[in-house]
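**Q** First, the structure itself, so that you have it in front of you.
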Amino acid sequence: MGEAVRYQRDGQVAWLTMDRPESRNALSFEVRQGLWDGFRRFNADEAAAVMVLTGAGESAFCAGGDLKEMADVSLRVPGRDFLPYPGRNLEVEKPLIAAVNGAAYGGGFLLAQMCDLCVAAEGARFAISEARWGRGMPWAAPLPWLIPPRVALELVMTGEAIDAHRAREIGLVNRVVPLADLRQEVAALAERIARNAPLTLRAAKAMVYRTSGMSWNDALDEGDRLFEPVYLSDDAQEGPRAYREKREPRWMAR
């Protein structure tokens, strides 16, 4: 994967780290390729139940696009595969957590937005800064699904940053923790998720995304469809059996 992005697994939790702190983990070609490699590796890693996306250093999670590189190549419309975007240009059924250690601007905001959960350090800041540089943010189209539309409009039109506590207040961030505790807190959250039944987790994640915009009845029907194979799985029998026998379940994902 090279040096720009590191993939490491600790038990059932994979960590994908953008490692260009000297350039605030900006999305150079090498970082973008490393992210693609990392997401594909996570999908193929049967021992990894959850992945955490984070950045190296203390100042930035990801400062967004590499503007110098964009100027050098006269980048116009970024291709559909410019960055991995779960649910759009690749499928990632397993849970994703963003551990935002610093600034998440532009493409860095996108990376935090596209993860299923987001935990931020107290000093983290979030901005969709494209309007300041004449760039676009089509990837922000789902943002009103996460936060109130008027807040989304303020973010995309002003380009101004909000702090981690404001991001939590509007629903963009799940938790805010001291920077020194970020890795430990995210690891504990990821491990709690990883202990749960994998088929149930995947169906639950799919349900939340796929039912967005559906009517009440259509959403319930989609939930029934997604969870029927979970109910019929061996794991659905293992859970109650483990409870009866007073032991931890042994999930087989089948």
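The values are calculated or read from the model by the stated rules, or taken from the named source; none is laboratory data. Note that the coordinates shown come from a computational prediction; the quantities given were computed from them, not determined experimentally. Backbone-built Cβ (ideal geometry, glycine too); neighbour counts: all protein chains shown.
**Q** Hey, among ALA152, ALA141, which residue is crowded, with 19+ Cβ neighbours inside 10 Å, closer than 27 Å to GLU93 by Cα and without any contact (Cβ under 8 Å) to a residue 24 or more places away in the chain?
**A** Numbers: ALA141 fails: crowded, with 19+ Cβ neighbours inside 10 Å.
One residue alone meets the criteria, ALA152.
**Q** When both residues are 6+ apart or on different chains and their Cβ atoms are under 6 Å apart, which pairs have a first residue that lies in region 22-43 and is polar (S, T, N, Q), and a second that is not in a helix (DSSP H, G or I)?
**A** The qualifying pairs are ASN25/MET18; ASN25/GLY55; ASN25/ALA60; ASN25/CYS62; SER28/ASP66.
**Q** Then there's this: Return the residue satisfying two criteria in turn: it lies in region 175-189 and is touching a Lys or Arg at 6+ places or on another chain (Cβ under 9 Å) and in a strand (DSSP E or B), and of such residues it is nearest to LEU96 (Cα to Cα).
**A** ARG175
**Q** In region 175-218, which residues are more than 22 Å from VAL52 (Cβ to Cβ) and either surrounded by 15 or more Cβ atoms within 10 Å (Cβ to Cβ) or aliphatic (A, V, I, L, M) (or both)?
**A** Passing the criteria: MET207, ARG210, THR211, MET214.
**Q** On to the next question. Looking only at region 50-79, filter to residues that are surrounded by 13 or more Cβ atoms within 10 Å (Cβ to Cβ) and hydroxyl-bearing (Ser, Thr, Tyr); which one of those is modelled with the lowest pLDDT? Don't jump to the end; show me each part of the working.
**A** Within region 50-79, the subset surrounded by 13 or more Cβ atoms within 10 Å (Cβ to Cβ) is 50-67, 69-70, 75, 78.
Imposing the further condition that a residue be hydroxyl-bearing (Ser, Thr, Tyr) reduces the set to 54, 59.
On the way: THR54: 98, SER59: 91.
Per the criteria, the residue is SER59.
**Q** Answer yes or no as to whether ASN196 is part of a helix (DSSP H, G or I) and more than 20 Å from MET114 (Cα to Cα). If you could, list the steps in order and put the result at the bottom.
**A** Working: part of a helix (DSSP H, G or I): no; more than 20 Å from MET114 (Cα to Cα): yes.
When the stated conditions are applied, ASN196 does not pass them.
**Q** Which of the helices (runs of 4 or more DSSP H) found entirely inside region 78-174 contain at least 2 residues meeting this: more than 19 Å from VAL50 (Cβ to Cβ) and within 14 Å of the chain's Cα centre (by Cα)?
**A** The qualifying helices (runs of 4 or more DSSP H) are 107-114, 143-146.
Here's the yes/no breakdown for (1) at pLDDT 95 or above; (2) surrounded by 17 or more Cβ atoms within 10 Å (Cβ to Cβ); (3) out of contact with any Ser or Thr (no Cβ under 8 Å at 6 or more places or on another chain):
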site	(1), (2), (3)
GLY11	yes, no, yes
THR17	yes, yes, no
ASP81	no, no, yes
ARG88	no, no, yes
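**Q** Here is a follow-up. Show the residue pairs meeting these rules: Cβ distance below 7 Å; 6+ apart or different chains; first residue within region 227-245 and of a type in the set (Gly, Ala, Ser); second residue not in a helix (DSSP H, G or I).
**A** These pairs meet every condition: SER233/ARG254; GLY239/ALA197; GLY239/PRO249; ALA242/GLU248; ALA242/PRO249.
**Q** Given (1) outside any helix (DSSP H, G or I); (2) under 17 Å from the mean Cα position of the chain (by Cα), identify the lone condition not met by MET214.
**A** (2)
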